[in-house]
Amino acid sequence: TASVLTSIGLGILLLSSVYILENSIQEEINVETREDLPNVFVIDLQKDQLSEFQGFIENRGAKDISMAPMIPARLQAINGQALDKSAVDPDSVNRSWEDRLLTREYRVTYRDHTISSEEVTDGDFWKGIPSNQQVSIDEDLAEQLDIEVGDQITMDIQGLPLDAEVTSLREVEWQAIKPNSYFVFSPGLLENAPGMTIASFRLESDIVDFQKSMVQEFPNLTIIDISEAVRNASYIMRRISVVIQFLSYMTL
């Protein structure tokens, strides 16, 4: 009797956990019902297009507009010590996650404020333009790379070294579908670095018509319809959930 009750209890717990987890994920990423999430991303914006593009999307009813500059960079050194990559597999396919953190190209950004999808957990985030170059790092990445507040890091910005003091760590809500970044730098030095800007916003009108108009005005830009991507992800999650529930019922 004890074994049977334990088995039934565990089976019901599994079924309930799957149901709760599925609904929780659906609610978290459902951009169609959550007005605080953007449903459109536009990438490859150049600096001379920013003001014209912002006026373009504002005239079409875009809300919660965010412009995030993104600059390609690689981590070069921590506290003056170059990263040890001697044990990294030369074949990128066989590299571990830890090795990829040492060799990958990051998309870093700069701003003078935090955004809604992140929270400072250690140190202080700067205000305005500080006298020295500062950086805030995702706390999980900092833990894996053994970086603490007060350390100095060196980034390779397309061949040029950039030294920065780590003044804060952030907890980033990656599932919030915002233009987040592992490394956020203080403004002042990176404004002239080559890169692009990613725009995110919420559009209630027909995205297909908007895309046609945007391509005519800005042919170099790429639009990503998050709503379509989320619908596909939700469909996959529902199918997986059905399989798990079927196996759970068979187990019961």
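Before moving on, here are some points about what is shown:
- The combined condition, being of a type outside the set (Gly, Ala, Ser), in contact (Cβ under 8 Å) with a residue 12 or more places away in the chain, open to solvent by less than 70 Å² (accessible area, probe 1.4 Å) and farther than 25 Å from ASN192 by Cβ, is not fulfilled by ASP124.
- Inter-residue pairs, beta-carbon under 7 Å, first closer than 18 Å to ILE12 by Cβ and in the range 234-247, second in a helix (DSSP H, G or I), 6+ apart: SER241/VAL18; SER241/GLU22; ILE244/VAL18; GLN245/LEU15; GLN245/VAL18
- Candidate set from the range 61-95 (those that are of a type in the set (Val, Ile, Thr) and at pLDDT below 90); member that is nearest to ILE198 (Cα to Cα): ILE65
Residue-by-condition table, conditions (1) touching a helix residue (DSSP H, G or I) at 6+ places or on another chain (Cβ under 6 Å); (2) without any contact (Cβ under 8 Å) to a residue 24 or more places away in the chain:
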{"position": "SER24", "(1), (2)": "no, yes"}
{"position": "ASN39", "(1), (2)": "yes, no"}
{"position": "ASP48", "(1), (2)": "no, yes"}
{"position": "ILE57", "(1), (2)": "no, no"}
{"position": "ARG74", "(1), (2)": "no, no"}
{"position": "ASP84", "(1), (2)": "no, yes"}
{"position": "ALA87", "(1), (2)": "no, yes"}
{"position": "ASP91", "(1), (2)": "no, yes"}
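- When LEU160 is tested against (1) under 29 Å from ASP91 (Cα atoms); (2) at pLDDT 90 or above; (3) touching a helix residue (DSSP H, G or I) at 6+ places or on another chain (Cβ under 9 Å), exactly one condition is not met: (3).
- Candidate set: the range 132-150, residues that are among the small types (Gly, Ala, Ser) and not in a strand (DSSP E or B); chosen: the one surrounded by the most Cβ atoms within 10 Å (Cβ to Cβ): ALA142
- Among the residues of the range 205-226, those identified as under 14 Å from GLY61 (Cβ atoms) and acidic (Asp, Glu) are ASP206, ASP209.
- Of the set (1) under 30 Å from GLN26 (Cβ atoms); (2) at pLDDT 95 or above, all apply to GLU165 but (1).
- Long-range neighbours under 9 Å by Cβ, at least six apart or interchain, first residue closer than 17 Å to GLN49 by Cβ and among the polar types (S, T, N, Q) within the range 203-227, second assigned to a helix (DSSP H, G or I) and open to solvent by less than 50 Å² (accessible area, probe 1.4 Å): SER213/PHE56; ASN220/GLN49
- Selection count, the range 197-252, where residues are in a loop (DSSP other than H, G, I, E, B), open to solvent by 30 Å² or more (accessible area, probe 1.4 Å) and modelled with pLDDT of 85 or more: 2
- Residue under evaluation LEU21, criteria (1) closer than 19 Å to ALA199 by Cα; (2) at pLDDT below 85; (3) open to solvent by 30 Å² or more (accessible area, probe 1.4 Å), criterion not met: (1)
- Within the range 151-196, considering residues that are among the aromatic types (Phe, Trp, Tyr) and closer than 23 Å to LEU83 by Cα, the one most open to solvent (accessible area, probe 1.4 Å): TYR182
The values are calculated or read from the model by the stated rules, or taken from the named source; none is laboratory data. The model shown is predicted, which means the values in this text are computed figures rather than measured ones. So basically every Cβ, Gly included, is an ideal-geometry build from the backbone, and we count neighbours across all protein chains shown. We work out accessible area using only protein heavy atoms, side chains counted, and drop any ligands, DNA or RNA first. Shrake-Rupley method; radii C 1.70, N 1.55, O 1.52, S 1.80 Å.
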